[in-house]
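First comes the structure, then the notes that go with it.
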Amino acid sequence: MLLRSITKHVKEQNWFAVFVDFLIVVVGILIAFQITNWSEQKSARNDYDLAIERYKAEIDANLEALDTLDAESSEVLLQVNTAFDVLLACKDNAENRDLVDRGLNRALGTFGLTLRNSALRELTETQHLLAQQSELERQKFADIKYLMDVFLSEAEYLETIPLDQRLQDNPIISIGASEQRFVEYSGVDYSRKVRKMKLNLPLDQACQDNALIKSIYTWDRWQGAMPAVTRVLRAEFKTMQDWLEE
């Protein structure tokens with residue numbers, strides 16, 4: 001309709017009317033462009049808001065994972081540390097042997113740390129989400145991602161180093177009958193039958209075994225550092241949580 005009007009005005013050489021028609025076309029295009037641009041910006045902002053909500057939920061899940069790890073590892077750390085102290089005291093009796101055997105069996109495995117980072121990775125790697133962030137926001141997300149990478153790497157080190165010196169390889173440790181062990185980790189049932197270890201020497205002799213002492217020391221030293229890792233991460237997550245709620 002508008003094209004027909006422009007053609008008519010050109011034929012009539014009504015240049016003012018042609019100018020008005022042209023202006024209407026330009027204004028219409030600009031309005032359509034602005035509406036499209038506004039719609040795209042609104043959609044991008046909505047995507048960003050949803051990404052932030054996903055990250056908030058991820059922080060909650062990670063804080064819960066840290067609480068679970070601390071609760072489960074604290075008991076094990078206490079039992080192994082107690083067994084270590086009793087062994088070093090070199091006082092042989094039934095109660096002390098039982099404490100040491102319990103600690104040895106708890107030191108068979110190690111605790112690791114697994115956290116979620118998909119929402120954070122999305123915020124730090126997706127271009128259209130990065131475009132919605134201020135410089136401060138980009139720096140905050142980059143900092144927490146770097147810190148998580150560093151501490152998760154450290155946690156992996158703390159988990160694997162004690163396994164290089166396996167207690168069951170020591171000749172003064174024997175393997176006994178199997179029993180059912182009920183274990184749940186990160187919501188997964190790992191219950192299974194296991195065979196318990198025990199010292200086959202009196203404590204006043206076992207305490208002189210340098211290989212045994214070093215194996216327990218290695219476990220205690222590296223696994224004992226895990227609470228410091230979870231403490232730092234928890235503080236950073238809560239700081240980020242508070243900042244997101246501002």
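The values are calculated or read from the model by the stated rules, or taken from the named source; none is laboratory data. The shown structure was predicted, so the numbers you read here are calculated from the model rather than taken from an experiment. Here the Cβ positions follow ideal geometry from the backbone for every residue, glycine too, while neighbour counts run over all protein chains shown. Just the protein is used for accessible areas: all its heavy atoms, side chains included, with ligands, DNA and RNA removed. Shrake-Rupley method; radii C 1.70, N 1.55, O 1.52, S 1.80 Å.
If you count only protein heavy atoms and use a 1.4 Å probe, how large is the accessible surface of Lys91, to the nearest 10 Å²?
Roughly 130 Å² of Lys91 is accessible to a 1.4 Å probe.
At 0.36 nm per residue, and after removing the present C-alpha to C-alpha distance, how many nm does the segment from Ile161 to Glu179 gain when stretched out fully?
Numbers: separation 18, 0.36 × 18 = 6.48 nm, distance 2.72 nm.
Computed gain between Ile161 and Glu179 is 3.8 nm.
Pulled fully out, how much extra length does the chain show between Leu88 and Arg195, if you take 0.36 nm times their separation in residues and subtract their Cα-Cα distance?
36.0 nm
With a 1.4 Å probe and all protein chains in place, put Val188, Val100 in order of accessible area, largest first.
On the way: Val188 70, Val100 0 Å².
Ranked list, largest accessible area first: Val188, Val100.
Any idea of Lys214's accessible area? Nearest 10 Å², probe 1.4 Å.
Accessible area of Lys214: about 110 Å².
Measuring from label point to label point, each 7 Å out along Cα→Cβ, what is the Asp149 to Arg221 span in nm?
Taking the two extended label points, one gets 2.9 nm.
Separation between the Ala61 and Asn46 pseudo-spin-labels, each 7 Å from Cα along Cα→Cβ, expressed in nm?
Label-label distance for Ala61 and Asn46, simple model: 2.4 nm.
Would you mind classifying the range 148-205 by shape? Square roots of the alpha carbon gyration tensor eigenvalues, ordered a ≥ b ≥ c; an a/c under 1.5 is rounded, otherwise it is prolate if a/b is larger than b/c and oblate if not. Write out the running numbers ahead of the final one.
Numbers: a/c = 3.65, a/b = 1.40, b/c = 2.60.
Note, shape of the range 148-205 comes out oblate.
Using θ = phi - 60° and the Karplus form 6.51 cos²θ - 1.76 cosθ + 1.60, what ³J(HN,Hα) does each residue of the range 201-217 get, whole Hz, x for Gly and Pro?
Those phi angles translate into 10, x, 4, 5, 9, 4, 5, 8, 7, 5, 5, 5, 4, 5, 5, 5, 4 Hz.
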